[in-house]
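The values are calculated or read from the model by the stated rules, or taken from the named source; none is laboratory data. In this text the structure is predicted, and so the values were computed from the model without any measurement. With ideal geometry, Cβ positions are generated from the backbone for all residues, glycine too; neighbour counts draw on all protein chains shown. Surface accessibility is based on the protein's heavy atoms, side chains included, excluding ligands, DNA and RNA. Shrake-Rupley method; radii C 1.70, N 1.55, O 1.52, S 1.80 Å.
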Amino acid sequence: MSSLVWIDGKLLAKQDAKVSVYDHGLLYGDGVFEGIRQYHGKVFEKEAHLQRLVDSARAIRLQIPYTIAQLGAAVEETLAANHMRDSYIRLVVTRGPGYLGISPANCTAPTVFIITDTIQMYPQEMYEDGMAIITAATIRNHPNSLSPKIKSLNYLNNILAKWEAIDAGVPEAVMLNHLGYVCECTGDNIFIVKAGILRTPAEESGALVGITRQVVINLAGTAGLAVQETSLTRYDLYTADECFLTGTGAEVVPVTSIDKRTIGAGKVGPVTRQLMEAFHRKVRQG
Ligand code: PMP
């Protein structure tokens, strides 16, 4: 377990790394973040994560008081201070302390902190045997209301769908968008395989544009697999040959049941297995 947290330029012991109760990140979910992995001493897809953080911040008019290079250096400094080689990094930028009103204009200094820790999102057997998931009744935020492309500190939309998964006794839930098309899961993107073609909701579905999703699309391209970024319905999920989820924490995790329908043969399918192996080779090589 790591013990030093980087906060506003200082490395503090975990118990001393604190934010104000007036911080609008806490009061209003006003802030953005990234979850990043480090494999074998190297930060995975560092530039893509830092760019997404900056884009999320721009979208909510939050000015991060550091450059991308400085943020990258701060991440490396925190990892080194904690002697981390394989870790899960949480990089958070909040609007900072203000008054009790929601106005972000009264918050003068954003709070920036970096935690380096470890994560095991799902139990190991789910990577071997596949996972059961459900489709949630809670729809994903309308992209013109609060775009899910913004990785913000306000995860209530996802949390409400996560409750549905918990109630159903499964670890994850698929959320549809405002048009009824498949969007993404509460913390992962979703792929299916049908007749040899890899299919995933297009960016226009309103999902978070996952970095692992893009890595998997690239790996599939390298392997000569056809990839479609498209509109998918519940029907497409239920009739898929294979299904899997992607995310920084989850990596690539197979799905073998959705809403009690068995997907394909009910086992980890060959394309999923191939991509899981390609993903593990890639992270091993850095
Ligand atoms: N969708 C949501 C809602 C997420 O929170 C995440 C990250 N946990 C993802 C998708 C996957 O994105 P990434 O591969 O960049 O981690």
Q: Could you calculate the contour length gain from residue 8 to residue 47, that is, 0.36 nm times the residue separation minus the distance between their Cα atoms, to one decimal place in nm?
A: 12.0 nm
Q. If you project the alpha carbons of the range 4-117 onto their three principal axes, what span does each projection cover, largest first, in Å?
A. 44, 30, 18
Q) Relative contact order, percent, of the chain when contacts are C-alpha pairs under 8 Å separated by at least 6 residues? A) 18
Q | Inter-site label distance for residue 118 and residue 195 at 7 Å from Cα along Cβ, in nm | A | 4.5
Q: Pairs of Cα atoms under 8 Å, at least six residues apart: use those to get the relative contact order of the range 157-286, whole percent.
A: 20
Q: For residue 282, go through the aspartates and glutamates and keep the ones whose alpha-carbon is under 18 Å away, minus same-chain ones fewer than eight residues off.
A: 45, 47, 86, 251
Q. So how tilted is helix 270-285 from the main axis of the chain? Cα-based, degrees 0 to 90, rounded to 10.
A. 30
Q: Treat each spin label as a single point 7 Å out from the Cα along the C-beta direction, and report the residue 238 to residue 178 distance in nm.
A: 2.7
Q: Please work out how much length the chain gains when fully extended from residue 284 to residue 137, using 0.36 nm per residue of separation minus the C-alpha to C-alpha distance, in nm with one decimal.
A: 49.1 nm
Q.
Accessible area per residue for the chain in Å², computed with a 1.4 Å probe and the full protein assembly in place, what is it?
A. 47
(Q) Below 8 Å between Cα atoms, with a sequence gap of 6+, how large is the relative contact order for the range 77-222 in percent? (A) 17
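Strictly over 21 Å apart at the Cα level, which of 46/151; 18/46; 46/149; 46/194; 162/267 would you flag in this model? List each step's numbers first, then the result.
On the way: 46/151 16 Å; 18/46 25 Å; 46/149 18 Å; 46/194 32 Å; 162/267 24 Å.
Flagged as over cut-off: 18/46; 46/194; 162/267.
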Q: Treating cross-link reach as a plain straight distance, find the aspartates and glutamates whose alpha-carbon is under 13 Å from the alpha-carbon of residue 10, omitting any fewer than eight places away in the same chain.
A: 77
Q.
Using amide H atoms built in the peptide plane, which far-off residues or other-chain residues are under 5 Å from residue 37 H to H?
A. 44, 89
(Q) For residue 255, what residues show an amide H to amide H distance below 5 Å, using hydrogens built from the backbone and excluding near sequence neighbours? (A) 131, 243, 244, 245
(Q) Suppose only helical runs count, i.e. DSSP H with n ≥ 4. What mean residue ellipticity at 222 nm does that imply for the chain under -39500 (n - 2.57) per run, divided by all residues and rounded to the nearest 500 deg cm²/dmol? (A) -9000 deg cm²/dmol
Q: Pop out the ³J(HN,Hα) list for the range 72-78 in order, Karplus 6.51 cos²θ - 1.76 cosθ + 1.60 with θ = phi - 60°, rounded to Hz; leave Gly and Pro as x.
A: x, 5, 5, 4, 4, 4, 5
Q) Taking the Cα-to-Cβ direction at residue 274 and at residue 108 and moving 7 Å from each Cα, how far apart do the two end points lie in nm? A) 5.9
